[in-house]
Amino acid sequence: MKNGNIYRNLTEARNGGRFLWLIDPARVLPEMIDPRWEKAREAGVDAILIGTSTGYSPAAEAVIKNVRANTDLPLILFPGSAIQVNKFVDAILYLSLVSGRNAQFLIGEQVAGAPAIRSFGIEPIPTGYILVESGAITAVQHISQTLPVPAGKPDIAKYHALAAEYLGMKFVYLEAGSGAPRPVPVEMVRQVSEYISIPLIVGGGLTTPEQVRAAVKAGADIVVVGSALEFNPTVGFLKEMAAAAHPVATGAEQSNG
Ligand code: 1GP
């Protein structure tokens, strides 16, 4: 799928939120085939994100090809740096770490990756990436050497999100960091989603269906879950987490309240 199709597909009107499964290629063996991949669509996964914050993973290409061979879901790269750009994905979250003041992650990596994205013909989805304090120093914080937005300061998150919208970005991503002890506070999700007009992605530290449901109820259009699906690698749990993001579509819950 090319030329805006993935973004359109992720944002067209529907009840509930979208559920994205984040696969970290650094944590998957290149020869491994996860039996959940071919069941992911049926389990309620809307797309697969692939990426890691810790530089280049030599196995990434093999892992991506294996995922591709086992599911027809859209594959979206979620890169920590330009070196991760490859031609085996449909789209890329073209992230700018707007909550930081480190030029490398605001514009430097984007310039480095742009020609490859163009020549591979993959769909760039400009995304304002906002790191939120979560009770620990996460890999994103360490690698980017940036300060996260304080968890109790939703106004700061709102103004960064609005600036991302005004700069023409298509998504805002509120990120607590992979494996975060605390996800983005529900109150921050609510305030940011009410404040901006572009779709909101929320991820990091979401480990239970209740947390996923709360994020969607607060206004997250898309939720991203990675670590919890590594700790509990069953199809049943994948289904439960996905159903929590789109309760109406799955029939698991007829109303949110
Ligand atoms: C991290 O938001 C994603 O970039 C997902 O985080 O691994 O904690 O689910 P988890």
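As a check on your grasp of the helix formula, calculate [θ] at 222 nm for the chain: sum -39500 (n - 2.57) over DSSP H runs of n ≥ 4, divide by the residue count, round to the nearest 500.
Dividing the helical sum by the residues of the chain leaves -10000 deg cm²/dmol.
Quick check: with the 1.4 Å probe, what order do PHE231, PHE105, PHE19, PHE88 take by accessible area, largest first?
The residues order as PHE231, PHE88, PHE105, PHE19, largest area first.
Name the shape class, rounded, prolate or oblate, that the alpha-carbon gyration tensor gives for the range 172-253, where a ≥ b ≥ c are the square roots of its eigenvalues, rounded holds for a/c under 1.5, and otherwise prolate holds if a/b is larger than b/c and oblate otherwise.
Oblate, because a/c is 1.5 or more while a/b does not exceed b/c.
Test of understanding: extend the Cα→C-beta vector of THR11 to 7 Å, then name every residue of the range 181-218 with backbone N under 18 Å from that spot.
192-203
Using 5 Å bins from zero, what percent of all Cα-Cα pairs in the range 1-128 falls into each bin?
Cα pair-distance distribution for the range 1-128, in percent: 2, 11, 20, 23, 21, 14, 7, 2, 0.
Within the range 86-159, list the trypsin sites (Lys or Arg not before Pro) lying in a DSSP loop whose Cβ has at most 14 other Cβ atoms in a 10 Å radius.
When the trypsin sites (Lys or Arg not before Pro) of the range 86-159 are filtered for loop state and at most 14 Cβ neighbours within 10 Å, LYS87, ARG101 remain.
Which of LEU106, GLN191, TYR166 sits closest to the plus end of the dipole of the chain, meaning its Cα is farthest towards the positive end, when Lys and Arg get +1 and Asp and Glu get -1 on the C-beta?
Toward the positive end, the furthest listed residue is TYR166.
List residues of the range 23-60, by number, whose backbone nitrogen lies under 14 Å from a label position 7 Å along Cα→C-beta of VAL235.
34-45
Tell me the carbon and sulfur percent of the accessible area for the chain, rounded to whole percent, probe radius 1.4 Å.
Carbon plus sulfur share of accessible area: 56 percent.
Students often get this wrong, so check it: of LYS65/LYS153; LYS39/LYS217; LYS39/LYS87; LYS65/LYS170; LYS65/LYS158; LYS87/LYS153, which have C-alpha atoms separated by over 30 Å?
Flagged as over cut-off: LYS65/LYS153; LYS65/LYS158; LYS87/LYS153.
Determine the order of GLU210, GLU31 by accessible area, beginning with the largest, at a probe radius of 1.4 Å.
GLU31, GLU210
Kindly identify the chain as rounded, prolate or oblate by the Cα gyration tensor criterion: order the square roots of the eigenvalues as a ≥ b ≥ c, call it rounded if a/c is under 1.5, otherwise compare a/b with b/c, prolate if a/b is larger, else oblate.
Here the chain falls in the rounded category.
Sorted by accessible area with a 1.4 angstrom probe, largest first, how do SER227, SER119 fall?
In descending accessible area the options line up as SER119, SER227.
Taking every Cα atom in the range 1-60, find the radius of gyration and the maximum pairwise distance Dmax, and write them in Å.
13.8, 39
Per residue, how many Å² of accessible area does the range 6-256 show with a 1.4 Å probe?
For the range 6-256, the per-residue accessible area is 43 Å².
With +1 assigned to the C-beta of every Lys and Arg and -1 to the C-beta of every Asp and Glu, and no other charges, what is the dipole magnitude of the chain about the Cα centre in debye, to the nearest 20?
260
The values are calculated or read from the model by the stated rules, or taken from the named source; none is laboratory data. Values in this document were obtained by computation on a predicted structure and should not be read as measured data. Every residue, glycine among them, receives a Cβ derived from its backbone with ideal geometry; neighbour counts consider all protein chains shown. The area values use the complete protein model at the heavy-atom level, side chains included, leaving out ligands, DNA and RNA. Shrake-Rupley method; radii C 1.70, N 1.55, O 1.52, S 1.80 Å.
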